[in-house]
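The structure appears right after this line, and notes come after that.
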């Protein structure tokens, strides 16, 4: 009896799919976005002044650098890489420097050209950031330092600022 229900459900799905393609409503005609793969592309950990740096009692100064780039791949796929570098200094000595590049392959199909850039500059980095943040936190802890939690980043604001700077440079 379970077999009958299963085969009936399969037949119903095939009928629906056939009707959708007959009506020209193929999924590939509309815009689409999907995550194909998320991965750590590059990781670097440096603790150049160990072990002496661990005896210092001064509060460290933390700086964060962020870089995002997108590379087109064949058939509507894009690789987006979010690079975050966290540097900790105590006085004039570097306590640690951690560089993580979290990347992903995203399917972006049938999207108008004017909508493509915001997807690659805002949506994709928003997806990648939590993974990069976790990797950085883990690496800092494994390096023997107190955890540093990166604050959330508003990639939409960063994108808008970048666009304003580009417009100002064009007009200057």
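What are the residues in segment 64-75 that are surrounded by 13 or more Cβ atoms within 10 Å (Cβ to Cβ) and either in contact (Cβ under 8 Å) with a residue 40 or more places away in the chain or under 30 Å from residue 93 (Cβ atoms) (or both), if any? Of everything in segment 64-75, those that are surrounded by 13 or more Cβ atoms within 10 Å (Cβ to Cβ) and either in contact (Cβ under 8 Å) with a residue 40 or more places away in the chain or under 30 Å from residue 93 (Cβ atoms) (or both) turn out to be 64, 66, 68, 70.
Taking the conditions exactly as written (in contact with a helix residue (DSSP H, G or I) (Cβ under 7 Å, 6 or more places away or on another chain), within 30 Å of residue 58 (Cα to Cα), at pLDDT 95 or above and part of a strand (DSSP E or B)), does residue 80 satisfy them or not?
Numbers: in contact with a helix residue (DSSP H, G or I) (Cβ under 7 Å, 6 or more places away or on another chain): yes; within 30 Å of residue 58 (Cα to Cα): no; at pLDDT 95 or above: yes; part of a strand (DSSP E or B): yes.
The answer is no for residue 80.
In segment 106-121, of all residues being touching a strand residue (DSSP E or B) at 6+ places or on another chain (Cβ under 7 Å) and surrounded by fewer than 17 Cβ atoms within 10 Å (Cβ to Cβ), the one that is nearest to residue 158 (Cα to Cα) corresponds to 116. Applying a threshold of 6 Å to beta carbon distances and a minimum spacing of six or more residues, or different chains, the list of pairs starting in segment 122-140 at a residue that is more than 15 Å from residue 38 (Cβ to Cβ) and ending at one that is part of a helix (DSSP H, G or I) reads 122/155; 122/156; 122/159.
In the list 25, 61, 29, which residue meets the criterion of being surrounded by 10 or more Cβ atoms within 10 Å (Cβ to Cβ), over 23 Å from the mean Cα position of the chain (by Cα), modelled with pLDDT of 50 or more and more than 29 Å from residue 149 (Cβ to Cβ)? Write out each step before concluding.
Numbers: 25 fails: modelled with pLDDT of 50 or more; 61 fails: more than 29 Å from residue 149 (Cβ to Cβ).
The unique qualifying residue is 29.
Please go through segment 149-172 and pick out each residue that is assigned to a loop (DSSP other than H, G, I, E, B) and at pLDDT below 90. Listed by number, the residues that qualify are 149, 172. For segment 41-57, the criterion of being in a strand (DSSP E or B), under 15 Å from the mean Cα position of the chain (by Cα), modelled with pLDDT of 95 or more and exposed (fewer than 13 other Cβ atoms within 10 Å of the Cβ) is satisfied by at least one residue. Inclusion of residue 79 among residues that are without any contact (Cβ under 8 Å) to a residue 24 or more places away in the chain and either over 20 Å from residue 38 (Cβ atoms) or under 12 Å from the mean Cα position of the chain (by Cα) (or both) is not warranted.
The values are calculated or read from the model by the stated rules, or taken from the named source; none is laboratory data. Bear in mind the structure is a predicted one, so any value in this text is a computation, not a measurement. No Cβ is skipped: glycine too gets one built from the backbone with ideal geometry, and neighbour counts run over all protein chains shown.
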